[in-house]
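Just below is one structure, and these are the notes that go with it.
Quick note: the coordinates plus some simple rules give every number you see, no bench work behind them. Being a predicted model, the structure only gives us computed values, none of them experimental. Here the Cβ positions follow ideal geometry from the backbone for every residue, glycine too, while neighbour counts run over all protein chains shown.
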Amino acid sequence: MKLAVIGLFSFIGMAGVFAQELKEKQKSEQKEISGLENNRKEKLSAPMKTEEELPLDDRGKYIYYEVVSRKGKTKEELIKAAKRYFKSDSSPKISLVEKDSLYTGKGKLIINKSAFLLTRPSGEVRYQLYLDFKEGKYRFWLTDFSFIPYQRDRYGNFVPTTAIGIPLEQKPGKLNAVEWASYLKATAKEAQVFAANLKQGMLAGTAIIQPAAKAIPVQSTKNQKW
Amino acid sequence: MKLKSIFTTASLSFASFSYAQEAPLQISGSVDTYYKYDFSKQPNIGTSFGSDQNSISLGMIDLALKKTTGKASFVGELSFGPRGQYQSLINGDGTDDNSFHIQNLYAAYAFTDKFTVTAGYMGTFIGYEVISPTGNYNYSTSYLFTSGPFQNAGVKGSYAFSSKVSLMLGLFNDWNVYKDLNGVSHVGGQLTVSPVEGWTAYLNVLSGKSAGAVGTGTILDLTTAYQVTEKVKLGLNAADYTVTHDGGGYTGAALYAQNAFSTAFSLGLRGEYFNWKGTGEDSDEHITALTLSANVKSGGLTFIPEVRFDDGSTPMFVNKNLNPSKNASQFSLAVVYAF
């Protein structure tokens, strides 16, 4: 009988402890949920990261736009530097055409699918490049992006499936929405790489300077003090 | 602790391997499967692949590797399954203890931006359609494709005169063989012309005497495609194959028209006329085939529902009662995934 009473009290006590723990757990979970909600609200109110997706221009077309200051450089020097850069081997194959003091050209960005160490091209994004020069500064923008999917040809090489691209602004429909979103992100990333290379090339005035190879250390055996 | 050191070692190995890679190894491929129903309840239409009647059957799994290091590159493409073995490769069914799976195996070296030499076993340069289902719009294939070469082993040099004109010349084995029993016996060439953006035409020739053949076979082939608008694409394949000393051959033409209604849905029609040249006392026989296919795409996946009607000059098919018939028709649904 004694044992039964002790057992009953113990059970009630343990149940109380469990109930208390459960309450505290629920409270902490509620705290976590409200914390997450607050974080989500903060994220939603924060400005969109421009490096993840390209902004739209006033025509409703995706655009990558940048103004670069080059104090001390004349307009002519900047034009020469740009021409030199686009003639160099390491630059994209773009032939610049001057039109009303604006330089234009057509190029393409290769979009790769990557997983672990493997990669393969899934398509190309063609674009129109605009370059504009003034004393001590220049600006450039890429726009009129259109996507051309690649497919493997009979020799196992990836080649364009068509010659006319699909504008990136076009809505892909539900079936291809995820794929299309990845193309948009990849385009933004490749446009940034293009911009970085162009700015580097313009700084050098020629092609991108590759870092010099590290000299191999020489170990002499002629030293007698060993 | 032990696990941590293993992980660190693996990470370092991974990092050093990544660093050592000049350009990443490309791995790509496809898988395909299909269902076909011939309305005469017999597997009537004898073009390549998609041959099984009222069965959910396999195409193939295709795996391709490509690596480029500087001016040198290689491609190795292996296929497993009916489409990629006994339906497209000699000895692919293993009946002679020899089971090959190779669709492409070659190395290339670009001596200059304009001149490249390639040697090995390559997909043929003849014709419009290919073995890989990802390279064709229609799932069933044309008579021109089935009758022409699939692969050519050999050595070829390609020279680009400009972005619009290039020429390939090469020495090749007999069609579709890994080794030539009567020596390197074929010579071939391809003139590529791209007059305007979106339009490319290939003029092909391949000539030679195959082992055991009665005469020299020469195939002349025109393959061209034109992207008329963003949505509309036209293609044409016309070919003539003649074997001397009354060895037969064929003549044919296929017209391809496709319209993309959206990025996910398109329709394509193939119309083909094909003539088998008679030998000896036998007269020519011809066939007209019409194939309507849809392509529904979602990412790497493509569904290809298709109907096909073939009409022969002679009773070359059978009907439901197994009586000879000039006509055959079929429905198929294929699923192709490219990666």
query: Say we join alpha carbon atoms closer than 10 Å with springs in a Gaussian network model of chain B; which of B:G120, B:G235, B:G247 then has the biggest fluctuation?
result: B:G247
query: Can you give the angle from 0 to 90° between the axis of helix B:2-20 and the longest principal axis of chain B, with both taken from C-alpha atoms, to the nearest 10?
result: 70
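Would you please give the FRET efficiency between B:E281 and A:I110, computed as 1/(1 + (r/R0)^6) with r the Cβ-Cβ distance and R0 = 45 Å, to the nearest 0.05?
0.15
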query: What's the exposure ranking of B:S88, A:S220, going from fewest to most Cβ atoms within 10 Å?
result: A:S220, B:S88
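Give, in nm to one decimal, the length gained when the segment between A:V218 and A:R59 is fully stretched (0.36 nm per residue of separation minus the Cα-Cα distance).
Between A:V218 and A:R59, full extension yields an extra 51.1 nm.
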field: Shape call, the stretch A:137-183: gyration tensor on alpha carbons, a/c limit 1.5
entry: oblate
query: In nm, to one decimal, how far is the modelled label at A:Q192 from the one at B:T224, with both set 7 Å along Cα→Cβ?
result: 4.6
message: List the residues, sorted by chain then number, that are 5 or more residues from B:D284 or on another chain and whose placed amide H is less than 5 Å from its amide H.
response: B:G278
field: Fewest-first ranking of B:T224, B:T244, B:T141, using other Cβ atoms within 10 Å as the exposure measure
entry: B:T244, B:T224, B:T141
message: Placing one identical point scatterer on every Cα of the stretch B:106-222 and ignoring solvent, what is log10 I(q)/I(0) from the Debye formula at q = 0.11, 0.19 Å⁻¹?
response: -0.39, -1.12
- request: Work out how far the C-alpha atoms of chain B reach from end to end along every principal axis, then list the three figures in whole Å, largest first.
  value: 78, 50, 42
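Would you mind checking A:K185/B:K66; B:K233/B:K326; A:K108/B:K67; A:K106/B:K114; A:K189/B:K233; A:K113/A:K189 for any pair whose Cα atoms are more than 20 angstrom apart? List each step's numbers first, then the result.
Details: A:K185/B:K66 26 Å; B:K233/B:K326 31 Å; A:K108/B:K67 22 Å; A:K106/B:K114 22 Å; A:K189/B:K233 31 Å; A:K113/A:K189 13 Å.
Table pairs above 20 Å Cα-Cα are A:K185/B:K66; B:K233/B:K326; A:K108/B:K67; A:K106/B:K114; A:K189/B:K233.
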task: Check each of the GluC sites (Glu not before Pro) in the stretch B:233-339 and keep only those in coil by DSSP with at most 14 other C-beta atoms within 10 angstrom; list them in order.
output: B:E281
- prompt: Roughly how many nanometres apart are two label points built 7 Å out from the Cα toward the Cβ at B:N54 and B:D113?
  reply: 6.1
task: Work through the residues other than B:S210 whose Cβ is under 15 Å from its Cβ and net out their charges, Lys, Arg +1 and Asp, Glu -1.
output: 0
query: What's the Kirkwood radius of the stretch A:83-125 in Å, using all Cα pairs?
result: 12.6
- prompt: If you add up the charges near B:L167, with Lys and Arg at +1 and Asp and Glu at -1, over every other residue whose beta carbon is less than 11 angstrom from its beta carbon, what do you get?
  reply: +2
